[in-house]
Amino acid sequence: MLKKISTEKAPAAIGPYSQGIVAGDFLFASGQIPIIPETGAIAEGDIKVQANQSLKNVGEILKAAGGSYDDVVKTTCFLADMDDFASFNEVYGEYFTNTLPARSCVAVKTLPKNVLCEVEVIACLKK
């Protein structure tokens, strides 16, 4: 059985998809870009500002599903510019401190709304 995850504390989906889906013990969260949920605006600033907002949004979806950053088993990170990798990594490391999930990080040509990063996660919610 699938359970849709939705929270007003993360940006609403901007297309025909869910913020997250729980299947069994796993949460599959859609990629989060640096949209400020309260205003719908993009977090203005460099990669560190945008990575921080993207990861905050991920955290709200995790929380809505009953999980936390410690439950994340895999992340996929998309960067508009691989030159931002080191700065992105600094912010990423502030969120994933106890459990270091498996990760892919790739540069892409363009991200939605021309943001600098997007982060998606898979989490195991079974305690």
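The values are calculated or read from the model by the stated rules, or taken from the named source; none is laboratory data. Just so we're clear, the structure is a prediction, and the values are computed from it rather than from any experiment. Positions of Cβ are generated from backbone atoms using ideal geometry, with glycine treated the same way; all protein chains shown enter the neighbour counts. Surface areas here come from the heavy atoms of the whole protein model, side chains and all, with no ligands, DNA or RNA. Shrake-Rupley method; radii C 1.70, N 1.55, O 1.52, S 1.80 Å.
What are the pairs, 6+ residues apart or on separate chains, where a residue within region 21-34 that is touching a residue at least 12 places away in the same chain (Cβ under 8 Å) has its Cβ under 6 Å from a residue that is of a type in the set (Val, Ile, Thr) and open to solvent by less than 20 Å² (accessible area, probe 1.4 Å)?
Ala29/Ile61; Ala29/Val121; Gln32/Val58; Gln32/Val119; Ile33/Val115; Pro34/Val115
Farther than 21 Å from Leu2 by Cα, acidic (Asp, Glu) and crowded, with 17+ Cβ neighbours inside 10 Å: does that describe Glu94?
Working: farther than 21 Å from Leu2 by Cα: yes; acidic (Asp, Glu): yes; crowded, with 17+ Cβ neighbours inside 10 Å: no.
Here the answer is no, as Glu94 does not meet what is asked.
Check region 5-12 and report whether any residue there is open to solvent by less than 80 Å² (accessible area, probe 1.4 Å), within 25 Å of Asp83 (Cβ to Cβ) and touching a helix residue (DSSP H, G or I) at 6+ places or on another chain (Cβ under 7 Å). Break it down into steps so the answer makes sense when it comes.
Step one: filter region 5-12 for residues open to solvent by less than 80 Å² (accessible area, probe 1.4 Å), giving 5, 7, 10-12.
Add one more test, that the residue is within 25 Å of Asp83 (Cβ to Cβ), and what stays is none.
No - not one qualifying residue is present in region 5-12.
The rows are residues; the columns are (1) buried (at least 16 other Cβ atoms within 10 Å of the Cβ); (2) closer than 18 Å to Ser6 by Cβ; (3) touching a Phe, Trp or Tyr at 6+ places or on another chain (Cβ under 6 Å).
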{"site": "Tyr17", "(1), (2), (3)": "no, yes, no"}
{"site": "Ile36", "(1), (2), (3)": "no, yes, no"}
{"site": "Gly59", "(1), (2), (3)": "yes, yes, no"}
{"site": "Leu62", "(1), (2), (3)": "yes, yes, no"}
{"site": "Ala80", "(1), (2), (3)": "yes, no, no"}
{"site": "Thr99", "(1), (2), (3)": "no, no, no"}
{"site": "Thr110", "(1), (2), (3)": "no, no, no"}
{"site": "Lys126", "(1), (2), (3)": "no, no, no"}
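Out of Gly59, Gly45, which single residue is on the phi > 0 side of the Ramachandran plot and out of contact with any Cys (no Cβ under 9 Å at 6 or more places or on another chain)?
Numbers: Gly59 fails: on the phi > 0 side of the Ramachandran plot.
Sole residue among the options that is on the phi > 0 side of the Ramachandran plot and out of contact with any Cys (no Cβ under 9 Å at 6 or more places or on another chain): Gly45.
Quick one: in region 19-28, which of the residues that are touching a Leu at 6+ places or on another chain (Cβ under 7 Å) and under 23 Å from Leu79 (Cα atoms) is surrounded by the most Cβ atoms within 10 Å (Cβ to Cβ)?
Checked region 19-28; the qualifying residue surrounded by the most Cβ atoms within 10 Å (Cβ to Cβ) is Gly20.
What are the residues in region 7-51 that are out of contact with any strand residue (DSSP E or B) (no Cβ under 8 Å at 6 or more places or on another chain) and closer than 16 Å to Ser68 by Cα, if any? Break it down stepwise before answering.
If we filter region 7-51 for residues that are out of contact with any strand residue (DSSP E or B) (no Cβ under 8 Å at 6 or more places or on another chain), which is where we start, we get 7-9, 12, 14-16, 24, 37-40, 44-46, 48-49.
Within region 7-51, Thr7, Lys9 qualify.
Identify all residues within region 38-54 that are open to solvent by 30 Å² or more (accessible area, probe 1.4 Å) and hydroxyl-bearing (Ser, Thr, Tyr); write none if there are none.
The one that is open to solvent by 30 Å² or more (accessible area, probe 1.4 Å) and hydroxyl-bearing (Ser, Thr, Tyr): Thr39.
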